[in-house]
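*Asks:* Following this message is one structure expressed as structure tokens.
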Amino acid sequence: MNPNPARSMPAGALQETSSGHHAVAVIGIGSAFDDDQAGWLVIDRLAQLGMHECDLRKASVPHDIIDWLSPSTVVHLVDACQDPQPTVRRFQIAIATATGSLEAIAEPQDSLPSNWPFTQVRSNSTHQFSLLDTLGLAAALGQLPLNLVLWTIAIQDSPRTDMLHPATAARIDLCVSRIFKELRHA
Amino acid sequence: MSTQPTRTIQVAALTRVEGEGALRVVVEGQQVTSVQLAIYEPPRFFEALLRGRPLENTPDITARICGICPVAYQMTAVHALEQALGIHITPEIRLLRRLLYCGEWIESHGVHMHLLHIPDFFGCANSIELARSYPTEVTRGLRIKKLGNRLLELLGGRAVHPISVAVGGFYRPPRKPELLAFREELKAGLADAIAVAHWVFGFTFPEFHRDYEMVALHHPDEYPMNEGRIVSTRHLDISASEFPLHFEERQVPHSTALQCVRLPEATEYFVGPLARINLNRELLSPIARQLADEAFVSWPCFNPYRSIVARAIEVVFAFEEAIRLIDSYDGCSPARIDYTPRAGEGAWATEAPRGLIYHRYQTTDDGKIAHATIVPPTSQNQRQIEQDLTQLLPSILHQSDTEVALACERLIRSYDPCISCSTHFLRLEIERR
């Protein structure tokens, strides 16, 4: 039994904690089906690891997260991704000073291919309001978190809608491990 | 042999519409000779997918046709199947279905207005640009959408592709305290919706009028959602079962979507919120009715750009109606009417946020779907949109290709087309010869 079931329902904007620290949230985006489960499974695993200091949430579509974002928060987003390389990537999302538009800065060790399509992150979402659009809207509304990190997990086609591809399962483990290490050591 | 110059204008993909489609226009000299709305999303074969499956799977399968208006598919399916099976639902089930539909109208209209359509009225490329200039208004729109989603969750178990809708009723009806606890939020949403309506009424609308045949449901006692006769501004008045006698879906070479036309002349027609209000204005809830009178619109209105006015009024209506329904609700027992499978046929029409939707099913004696026909609203509006563009284009051909494309997209967006639903949809290609 999950000792700390992650919330999947909207629960209002994240708030600063009483101790004055910035609230930290990890939000998995996805569904209960095939490799699209990846974001949700990361949330479940972090809950099982007892990350009670974090607000763990699940979102079905990128739209869901906009109410949860505020400038005083630290947010890690986890989303499944069609990536040409079978890997987990970490991006720092920020507004580029020069252009005023959102940019995603990859970790150096991620050796991002030059043609990697950041703009395609969850662009196949319902009615084309992609994660990038949602974050752009949050930025326009002044709601972009103080620190926003996007984790992407490369997924594969699965033969059954109720099953996770074994290779994706291994990448979920890697993503959980990296998030846990980063947040616990922060 | 013509010496007139040729001109080609292309819009590779229509934006801020739901789904993927293209528009190809041929101009010879100053004459528009062809307008083709090409839907290139692959066919999805939902009707064939249903064949041979247990009929109780139908509401869940048809809901997957659309992430924005799944309730429309569920409602139309369950009513059509209940007709085939001879099921008579209780007033409480009927009330809950209407309440569920209110949630979908609020959510769908909220998304379309604030994220897809309103940017056109301020020359913004998208909702992100709009949000930089109008953060308060966009935030308000997102609140409205969220309330629609919450209502869907309360009744349907989740906002996208609800899971509580069943043939015969609900797998789990909401409890009265759950709905009452949400009532105050709906009242706040109503106030937001009224403010949106007043904002929208002040927009500047292009002058564009055509002699449309507008088609919608009409019910003698209530603003139509889940039931009624199919009526039009040209005196059509039929039951849903008579739909095939008066309407026909046709394949066109340039599109993967079927186009539905009026018989016998294969003429275009117009469905959606503007048609609904034109044919049912007297049945709006009190505040929505008063707003319709204050909307700077002469009803009936035949300007498609003012569809957003109708949409804003309907959001107000949906909030008012949801509050009324919650006040009337005393619980639902039984939540679901039992039935015995039988061979039969049923046809039904309801009002999806973007217009009339029609389903027909044949069932087998062992409870399977033998045949399914699904006619979504966008299939019905496609031909009308092509005709509108044919009228619009001559007046804007002096503009640059980019400007022409934007003007065409703006007109198309007025219809709130859902290409994914109709796959039955946009790139613009204009060929000037």
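A short reminder: the numbers here are calculations on the coordinates, not readings from a lab. As the structure is a computational prediction, the values presented were derived from the model and not from experiment. Backbone-built Cβ (ideal geometry, glycine too); neighbour counts: all protein chains shown.
*Asks:* Would you give the gap between the C-alpha center of the stretch A:33-69 and the C-alpha center of the stretch B:191-221, rounded to a whole Å?
*Replies:* Here the two parts' Cα centres lie 40 Å apart.
*Asks:* For the stretch A:73-100 and the stretch B:320-336, write down the distance between their C-alpha centroids in whole Å.
*Replies:* Taking the Cα centre of the stretch B:320-336 as reference, the centre of the stretch A:73-100 is 44 Å away.
*Asks:* Report the Cα-based extents of chain B along its three principal axes, largest first, to the nearest Å.
*Replies:* 73, 49, 36
*Asks:* Here is a follow-up. Given B:218, B:266, B:157, which one lies farthest toward the positive end of the charge dipole of the stretch B:57-380, if we put +1 on the Cβ of every Lys and Arg and -1 on the Cβ of every Asp and Glu?
*Replies:* Result: B:157, furthest along the dipole toward the positive end.
*Asks:* So what does log10 I(q)/I(0) come out to for the protein assembly as shown at q = 0.12 Å⁻¹, using the Debye formula with one equal point on every Cα and no solvent?
*Replies:* Evaluating at q = 0.12 Å⁻¹ gives log10 I(q)/I(0) of -1.32.
*Asks:* Next question. Work out the charge dipole of the stretch B:57-380 with +1 on the Cβ of Lys and Arg and -1 on the Cβ of Asp and Glu about the Cα centre, then indicate which of B:84, B:101, B:347 is farthest towards its positive end.
*Replies:* So the residue furthest toward the plus end is B:101.
*Asks:* Let me ask you something else. If each Cα of the stretch B:208-360 is one equal point scatterer, what is log10 of I(q)/I(0) from the Debye formula at q = 0.10 Å⁻¹?
*Replies:* Treating every Cα as an identical point scatterer, log10 I(q)/I(0) equals -0.43.
*Asks:* Could you check the spin-label model distance between residue A:92 and residue B:171? Points 7 Å from the Cα along Cα→Cβ, value in nm.
*Replies:* Once both label points are built, they end up 4.5 nm from each other.
*Asks:* Taking the highest mean first, how do the peptides B:91-98, A:95-102 order by number of other beta carbon atoms within 10 angstrom per residue?
*Replies:* Descending packing order for the listed peptides: B:91-98, A:95-102.
*Asks:* Which whole-Hz ³J(HN,Hα) couplings does the stretch B:268-274 yield from phi under the Karplus relation 6.51 cos²θ - 1.76 cosθ + 1.60, θ = phi - 60°, glycine and proline marked x?
*Replies:* 7, 8, 10, 10, x, x, 5
*Asks:* Search the structure for amide H atoms under 5 Å from the amide H of residue B:28, placed 1.01 Å from N in the peptide plane, and list their residues when 5 or more places away or on another chain.
*Replies:* Residues meeting the criterion, in which the H sits 1.01 Å from N, are B:33, B:433.
*Asks:* Name the long-range amide H neighbours of residue A:72: under 5 Å, sequence gap of 5 or more, or other chain; modelled H, no Pro or chain starts.
*Replies:* For residue A:72, whose amide H was placed from the backbone, the distant partners under 5 Å are A:146.
*Asks:* Another question, if that's okay. Can you compute 3J(HN,Hα) from phi for each residue in the stretch A:148-156, using the Karplus curve 6.51 cos²θ - 1.76 cosθ + 1.60 with θ = phi - 60°, rounded to whole Hz and x for Gly and Pro?
*Replies:* Karplus values, whole Hz, x for Gly and Pro: 10, 10, 10, 9, 10, 10, 5, 10, 10.
*Asks:* Under the definition of partner shielding as Cβ atoms of other protein chains within 10 Å of a residue Cβ, what is the mean value for peptide B:159-171?
*Replies:* That average works out to 1.
*Asks:* Once fully extended, how much extra length lies between residue B:293 and residue B:327, figured as 0.36 nm per residue of separation less the alpha-carbon to alpha-carbon distance?
*Replies:* Gain on stretching residue B:293 to residue B:327: 9.6 nm.
*Asks:* Here is a further query. Efficiency by 1/(1 + (r/R0)^6): what FRET value for residue B:250 and residue A:167, r their Cβ-Cβ distance, R0 = 51 Å, to the nearest 0.05?
*Replies:* 0.65
*Asks:* Quick one: net charge around residue B:395, please, counting Lys, Arg +1 and Asp, Glu -1 for every other residue with C-beta under 15 Å from its C-beta.
*Replies:* -1
*Asks:* Let me ask something else about it. Give me the dipole magnitude in Debye, nearest 20, for chain B about the Cα centre, with unit charges on the beta carbon: positive for Lys and Arg, negative for Asp and Glu.
*Replies:* 640
*Asks:* Is there a simple number for the mean count of other chain Cβ atoms within 10 Å of the Cβ of residues in B:126-138, and what is it?
*Replies:* 4
*Asks:* Quantify how strongly other chains surround peptide B:65-78 by giving the mean number of their Cβ atoms within 10 Å of each of its Cβ atoms.
*Replies:* That works out to 1 on average.
*Asks:* Summing -39500 (n - 2.57) over the DSSP H runs of n ≥ 4 in the protein assembly as shown and dividing by its residue number, what mean residue ellipticity at 222 nm do you reach, to the nearest 500 deg cm²/dmol?
*Replies:* After summing the helix terms and dividing by the residues of the protein assembly as shown, the value is -11500 deg cm²/dmol.
*Asks:* Please list, in chain and number order, the residues 5+ apart from residue A:55 or on another chain whose amide H is under 5 Å from its amide H, with Hs placed from the backbone.
*Replies:* A:24, A:25, A:26
*Asks:* Rounded to the nearest Å, what's the spacing between the alpha carbon centres of the stretch B:146-189 and the stretch B:74-105? Just the number, please.
*Replies:* 14
*Asks:* Distance cut-off 26 Å, Cα to Cα: go down the list B:145/B:368; A:58/B:146; A:58/B:368; A:58/A:181 and report the pairs above it.
*Replies:* B:145/B:368; A:58/B:368
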